[in-house]
Amino acid sequence: MLSMASAQTSSAAQPQPRLGLRERKKIQTRQAIRRAAYRLFERQGYDATPVDQIAEAADVSPSTVFRYFPTKEDLVLTDEYDRVMEAAIRARPPHESPLEAVRHGVMDSLRHTIENDITELMQRTRLMRAVPALRGRTAEGTAESSRMLRVVLAERTGRHADDLELRVAAVAILAAIQEAMMTWVDRGQGEDLMAIIGRGLDVLARGLTL
């Protein structure tokens, strides 16, 4: 079986290619729409906020909102976290064991998110806990994240991405992260999120013994 080391994380700063103007504008528009949506969700609730109102607050047309976010749920569930996590895992040194690299990558990407988008992360996780429609769609995003994680693990292990052990490992890692985040929400989001996720991953590190 793959093993996960419980160790202190270290940031792996990697130079990023500069995006073109067109791509930067797309990112800015996407962020403006999402931030407008979160402001309205926070003030008047998810169900009471129509897409037309979000478009007006973001100073774009409703069709532009739907071009970036095909459904209202996607405003909350669509994010860049997977890409950040994937890059962080790939940046880990080759001598690390597969799940040690995943652990470090997860914690490094989480640190990046906390430093840059903690308010949005808090709002997003509260919505995911509170809104039934979002909970129902979460499984779709988890499936995409699982596929990404299996590919990264396959590269480090030489196994096929559809290998059963890789599938189980990927799902277990994501479940540990998800449950840790929901625990953070349930406790009022006042605790150290990185510490809670670290404890969740420790459960896997010691082989699910209690």
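The values are calculated or read from the model by the stated rules, or taken from the named source; none is laboratory data. Note that the coordinates shown come from a computational prediction; the quantities given were computed from them, not determined experimentally. For neighbour counting, all protein chains shown are included, and Cβ atoms are generated from backbone atoms with ideal geometry for every residue, glycine included. We work out accessible area using only protein heavy atoms, side chains counted, and drop any ligands, DNA or RNA first. Shrake-Rupley method; radii C 1.70, N 1.55, O 1.52, S 1.80 Å.
Taking only the alpha carbons of the range 103-154, what extent do you get along each of the three principal axes, in Å, biggest first?
Over the range 103-154, Cα extents along the principal axes are 35, 27, 12 Å.
Leaving out ligands, DNA and RNA, and with a 1.4 Å probe, what % of the accessible surface on the range 26-168 is carbon or sulfur? All intermediate terms of the calculation are to be shown ahead of the outcome.
On the way: 3700 of 7160 Å².
C and S atoms contribute 52 percent here.
Compute the length gained on full extension between residue 97 and residue 142: take 0.36 nm times their separation in residues and subtract their Cα-Cα distance, giving the result in nm to one decimal.
Values: separation 45, 0.36 × 45 = 16.20 nm, distance 2.33 nm.
Full extension from residue 97 to residue 142 adds 13.9 nm.
For labels at residue 192 and residue 162 in the simple 7 Å Cα→Cβ model, what's the distance in nm?
4.3 nm
Kindly rank 158-164, 170-176 from highest to lowest mean number of other beta carbons found within 10 Å of each residue.
In decreasing order of mean packing, 158-164, 170-176 become 170-176, 158-164.
Using the beta-carbon distance between residue 61 and residue 116 and R0 = 25 Å, what value does 1/(1 + (r/R0)^6) give for FRET efficiency, to the nearest 0.05? Write out the running numbers ahead of the final one.
Details: r = 28 Å, r/R0 = 1.11.
So the FRET efficiency works out to roughly 0.35.
Using only Cα atoms, find the angle between the long axis of helix 132-157 and the longest principal axis of the chain, and express it within 0 to 90 degrees, rounded to the nearest 10.
On a 0 to 90 degree scale, this one is about 40.
Which three lengths, in whole Å and largest first, does the range 124-200 cover when its Cα atoms are put on their principal axes?
42, 29, 15
How far is helix 164-186 tilted, in degrees, relative to the longest principal axis of the Cα atoms in the chain, given as a value from 0 to 90 rounded to the nearest 10?
So the helix axis and the longest Cα principal axis differ by about 50 degrees.
Tell me the relative contact order for the range 34-81 as a rounded percent, counting alpha carbon contacts under 8 Å between residues six or more apart.
Working: 25 pairs, mean separation 15.2, N = 48.
It rounds to 32 percent for the range 34-81.
Between residue 47 and residue 179, what is 0.36 nm times their sequence separation minus the Cα-Cα distance? Round to one decimal in nm.
Values: separation 132, 0.36 × 132 = 47.52 nm, distance 2.43 nm.
Between residue 47 and residue 179, full extension yields 45.1 nm more.
Semi-axes of the equivalent ellipsoid for the range 18-123, please: Cα gyration tensor eigenvalues, times 5, square-rooted, ordered largest first, whole Å.
Numbers: eigenvalues 198, 51, 23 Å².
Semi-axes, largest first: 31, 16, 11 Å.
Over the chain, calculate the relative contact order: mean separation of alpha carbon pairs under 8 Å at least 6 apart, over the residue count, as a percent. Numbers along the way, then the final one.
On the way: 185 pairs, mean separation 46.8, N = 210.
Rounded, it is 22 percent for the chain.
Test of the criteria: in the range 56-133, which GluC sites (Glu not before Pro) are in a DSSP loop and have at most 15 other Cβ atoms within 10 angstrom of their Cβ? Intermediate results must be reported in sequence, preceding the final value.
On the way: sites: 56, 73, 80, 86, 96, 100, 115, 120; in loops: 73, 80, 96.
Answer by residue number: 80.
For the pair residue 23/residue 80, report the inter-label distance in nm, with labels modelled 7 Å from Cα in the Cβ direction.
The two pseudo-label positions are separated by 1.0 nm.
For the chain, how big is Rg over Rh, using alpha carbon atoms and the Kirkwood form of Rh? Before the final figure, lay out each step's value.
Details: Rg = 18.1 Å, Rh = 18.4 Å.
Taking Rg over the Kirkwood Rh, I get 0.98.
Between helix 81-90 and the chain, what is the angle of the helix's C-alpha long axis to the longest principal axis, kept within 0 to 90° and rounded to the nearest 10?
Helix 81-90 sits roughly 30 degrees off the main axis of the chain.
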